[in-house]
Amino acid sequence: MSAARERLLETATRLFYAEGIHTVGIDRIIAEAGIAKATFYRHFKTKEELVVAYLVREYDRQRGVLEAVPGTGTDSIVTIFEKLGELSCGPGFRGCPFLNAAVEFPNPEHAVRKVVDDYRAWFRDLMADKLHAAGHADTEQMSRALLLTRDGVTISGGVGDPETVTAGIQAALARLDK
């Protein structure tokens, strides 16, 4: 990846996450990245291509982090949700970048929504695999409940409600043994 493309993605990531995708214009990203407009368009034909690249990069980052969580089965699920709880209650947390993007791009056929859908399906499948490894009786329903918990935790954390984050995680983890 070229240095200019890297700066564009880093700048877009910071601004999109902090302020929202539609509120941040290309001219601002170009200015803050310190590149020429022609350089931007050499790397991305449209802002939407940049948004997709931002989300794909975040997807890859999260996949790397979550797949590297030590342990197997429910132990690793507990670790994932404990870390998610800490992160979502930390400074600068503004919710899930995928859910934030989904709100800004309501058309389910849009390329941005396809990345969001892929990420959510991957997370659900990751939970199902860990539940299966633990011998859980209903991996399909429980993996969906864990996805819903993840979504709720990131929303509650994003609006500064740590009590609900904790309660949601505790309720979901209590169901792991059933």
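The values are calculated or read from the model by the stated rules, or taken from the named source; none is laboratory data. All values derive from a computational prediction rather than experimental measurement. Please note: Cβ atoms are built from the backbone with ideal geometry, for glycine as well, and neighbour counts cover all protein chains shown. Side chains included, ligands, DNA and RNA excluded: accessible areas come from the protein's heavy atoms. Shrake-Rupley method; radii C 1.70, N 1.55, O 1.52, S 1.80 Å.
Below are the figures for this structure:
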quantity: For the chain: accessible area per residue (Å², 1.4 Å); calculated: 52
quantity: Spatially proximal lysines relative to residue 114 (Cα-Cα < 22 Å; intrachain offsets below 8 disregarded); calculated: 45, 47
quantity: Cα pair distances of the chain binned at 5 Å [whole percent]; calculated: 1, 8, 16, 18, 18, 15, 10, 7, 4, 2, 1, 0
quantity: Distance (nanometres) between label positions extended 7 Å along Cα→Cβ at residue 103 and residue 140; calculated: 3.2
quantity: Proximal charge balance of residue 19 [Cβ under 11 Å; K/R count +1, D/E count -1]; calculated: +3
quantity: Net charge of Cβ neighbours under 13 Å - reference residue 169; Lys, Arg +1; Asp, Glu -1; calculated: -2
quantity: Label-point separation in nm, residue 148 to residue 31, each point 7 Å along Cα→Cβ; calculated: 4.5
quantity: Calculated FRET efficiency for the pair residue 19/residue 56, C-beta based, R₀ 22 Å, to 0.05; calculated: 0.65
quantity: Cα-based helix-to-principal-axis angle, 47-67 vs the chain, degrees rounded to 10; calculated: 30
quantity: Derived scalar couplings ³J(HN,Hα) [the range 73-83; Karplus, 6.51 cos²θ - 1.76 cosθ + 1.60; whole Hz; x for Gly, Pro]; calculated: x, 5, 4, 6, 5, 4, 4, 4, 6, 5, 5
